[in-house]
Amino acid sequence: EVLVRTTWQIDVGQLAFESGCRLALLDRDAALCRTLREAGSYRVRLVSAHTRTVTVDGFSVHHTSEAEAFFASFRVAAIVFTTVCPGNLQDAADHLRPFLVRWLRSSGPDEYKNVLCCENMNRSSTTFRDMILRGFPPELGQKLETQVGFADTMIARVVAKPTDPLALLGEEYSEWTADRKAIRGPVLP
């Protein structure tokens, strides 16, 4: 399962969906959450010489106030993505910190999670990790270091700002890189 905390960038959701991942979306926009729940899917039109449309469905949607419901998805997720824009990373860290703490307190030593911040900035996952560490319980610091990877990543793709959250537009071309050395666990995501 993959988690995306989104303010609607299509890169991660569509690419993860087409890679066979199950999505659990978290957002602070109640109207957007309601719209996505009611629709049950959204379309992504990918423009290229061979334009195509991808329908993303089968996801769950959680508002940031629905902590328990979201934690059920977070607990079993191997990968956590953020696509919140750089100015919202601190808010995302503040929302995800308690979930990481709770997960680490109950996880075994052979359980891993990887966080990839897909933001338009250099070293976004490293920056996010530093934000997570603010107010993080010191007794869980070593466990965080060994069981949670914060791999810096970048997705190169042109995406139009959506006017309709259920009909998104972007270019087909995409390049997604991540720092392999920062990934935790025996299996690459």
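The values are calculated or read from the model by the stated rules, or taken from the named source; none is laboratory data. These numbers were taken from a predicted model, which means no experiment stands behind them. So basically every Cβ, Gly included, is an ideal-geometry build from the backbone, and we count neighbours across all protein chains shown. The protein model used for the area step is the full one, side chains on, heavy atoms only, and it has no ligands, DNA or RNA in it. Shrake-Rupley method; radii C 1.70, N 1.55, O 1.52, S 1.80 Å.
Of the solvent-accessible surface of the chain, computed with a 1.4 Å probe over protein heavy atoms with every protein chain present, carbon and sulfur atoms account for 52 percent.
In a DSSP loop and with at most 16 other Cβ atoms within 10 Å, the chymotrypsin sites (Phe, Trp or Tyr not before Pro) in the stretch 102-185 are Tyr173. Set against the labelled values [x] 0.97; [y] 0.95; [z] 1.00, Rg/Rh (Cα atoms, Kirkwood Rh) computed from this structure falls on [y].
With a 1.4 Å probe and every protein chain left in place, work out the accessible area per residue of the stretch 103-172 in Å², rounded to a whole number. Can you show the working numbers first?
Details: 3500 Å² over 70 residues.
It amounts to 50 Å² per residue over the stretch 103-172.
Applying 0.36 nm per residue to the separation of Arg52 and Arg75 and subtracting their alpha-carbon distance, the gain on full extension is 4.9 nm.
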